[in-house]
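Beneath this line is the structure, given in structure tokens, with notes to follow.
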Amino acid sequence: MKPIAQASLPRVAATFAAAALGVWCLAGVASAAPATSQVPAAGDGFAVSLAASSPYAALRQPVTLTATTNTDVGPTPYYITIYSETTGAELAVCGFGTTCTATVGQAAPGSQVFEAFVGDDVPGDGQPGFALVSSNEVQVGWWFILRGHTVTP
């Protein structure tokens, strides 16, 4: 679980206040509409972009994917996630900083499409439950050389 930073305290306080109101209402003192989950408004000020160290690589050669945000996710409840749209694999989840990297390779000719998100992700769960913002898609292709001839995907 990500530790709560000072910037997150107003959200936590609002959540506890809503919970206290709910308990108070259950006691019959007042009635209120049920609480709804807090999903941040459009991007919550974040922007994210994704870049690859190379759009093409030889088979089994690593390519580094770098997601960059305009704001540190550390003091927020959000994460930067790098995700393969092709395989559905979550490649990296970062809970602090403005950059997140993943290194990928492939043993057979072909390509994959990658995307990055800022959202409520936790490691191992795949795509975020909700994404505040998503990046551009980046395609990377892997190829091999056959006796002086290049074979590409």
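The values are calculated or read from the model by the stated rules, or taken from the named source; none is laboratory data. Predicted, not measured: the structure shown is a model, and the values here were computed from it. With ideal geometry, Cβ positions are generated from the backbone for all residues, glycine too; neighbour counts draw on all protein chains shown.
Summary table
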| read-out | value |
| --- | --- |
| Complete set of residues in segment 98-108 that are at pLDDT below 95 and either exposed (fewer than 14 other Cβ atoms within 10 Å of the Cβ) or not assigned by TED's automatic domain parsing to the domain that holds Ser49 (or both) | Gly105, Ala107, Ala108 |
| Filtered residues of segment 123-153 (kept if under 19 Å from Leu50 (Cα atoms), of a type in the set (A, V, I, L, M, F, W, C) and modelled with pLDDT under 95) | Phe130, Ala131, Leu132, Val133, Trp142 |
| Number of positions in segment 70-117 that are aliphatic (A, V, I, L, M) and closer than 18 Å to Pro55 by Cβ | 7 |
| Tally of residues being surrounded by 21 or more Cβ atoms within 10 Å (Cβ to Cβ) and in a strand (DSSP E or B) across segment 67-92 | 7 |
| Unique residue being in contact with a helix residue (DSSP H, G or I) (Cβ under 7 Å, 6 or more places away or on another chain), at pLDDT 50 or above and either closer than 30 Å to Trp142 by Cβ or in the same structural domain as Ala116 (by TED's automatic domain parsing) (or both) when the list is Pro55, Pro77, Pro62 | Pro77 |
| In segment 93-116, residue farthest from Phe46 (Cα to Cα) [restricted to those that are outside any loop (DSSP other than H, G, I, E, B) and in contact with a Leu (Cβ under 8 Å, 6 or more places away or on another chain)] | Val104 |
